1. Each residue of the stretch 82-94 in turn: what ³J(HN,Hα) in whole Hz from Karplus with 6.51, -1.76, 1.60 and θ = phi - 60°, glycine and Pro shown as x?
2. Show me, for the stretch 122-135, the HN-Hα J-couplings you get by feeding each phi into the Karplus relation (A = 6.51, B = -1.76, C = 1.60, θ = phi - 60°), rounded to Hz, glycine and proline as x.
3. Residues with amide H under 5 Å of Arg168's amide H, sequence separation 5 or more or different chain, H placed in the peptide plane at 1.01 Å from N; which?
4. In vacuum, with every alpha carbon of the stretch 64-166 counted as one equal point scatterer, what does the Debye formula give for log10 I(q)/I(0) at q = 0.17, 0.19, 0.21 Å⁻¹? Two decimals, please.
5. Calculate log10 I(q)/I(0) of the stretch 69-125 for q = 0.28 Å⁻¹, where I(q) comes from the Debye formula with a single equal point scatterer on each Cα and nothing for solvent.
6. So what's the projected area for the stretch 109-177, the Cα convex hull averaged over all directions, in nm²?
7. Given the Cα-Cα distance of Lys106 and Ala69 and 0.36 nm per residue of separation, how much length would full extension add, in nm?
8. Using the structure shown, list the pairs from Lys74/Lys106; Lys87/Lys152; Lys74/Lys152; Lys106/Lys181; Lys121/Lys159 with a Cα-Cα distance above 23 Å, or answer none.
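Every number in this text was worked out from the coordinates using simple rules, so none of it is lab data. These figures come from a predicted structure and were not determined experimentally.
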Amino acid sequence: MTWAAAAAASRFQIPAMDVAYLRSRAPVAFGVGCVSLAGAKFCGSSSSLARSKPFACLSISTDASIKEAVHTEKAPAALGPYSQAIKANNFVFVSGCLGLIPETGKFVSDSVEDQTEQVLKNMGEILKASGVNYSSVVKTTILLADLNDFKKVNEIYAKYFQAPAPARATYQVAALPMNAKIEVECIAAL
């Protein structure tokens, strides 16, 4: 690992770093599984770290203690060993939702329109339990059993996600759990 850092330093003309200097400027600094360069200047050259403005690097941690499971009885229980949602790193990661009625665990109907409405209602309850709402959603992924349902799903989806709509990907898949017509997952900002 040291040789890679040394090679990068010579390649980008990064000045030597005085660790004591960095500690005096940033008394608390740590990293997990990444290399951070503080006070380095990538363009041009610098003869002194004092002339380069130090910067902070925020990295994502995989520390399980900062991960919080979200659960609500107002949405269907997870069908396997996963959480309805996880709060971590200022985001909420909502697992794929199906058009199941929470109280019965059965589909609301066989129609893609009804399942889409129920999916988005279930997702709304999970978002609410997480302390956010539809306007906090930054990314959705829609899985369809039949891509020909795309237009029908879009009409219902638009009622829940106002402008600016979240980023989105939509895929047709070979099969969904319990032969669902649609599954939707999302990521929301806290």
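1. 8, 9, 4, 7, 10, 9, 7, 6, 6, 9, 10, 9, 8
2. 4, 4, x, 5, 5, 4, 4, 5, 8, x, 10, 8, 4, 5
3. Thr140
4. For the requested q values the scattering log ratios are -0.80, -0.99, -1.18.
5. Values, matching the q order: -1.15.
6. Reported value for the Cα convex hull: 4.8 nm².
7. 10.9 nm
8. Lys87/Lys152; Lys74/Lys152
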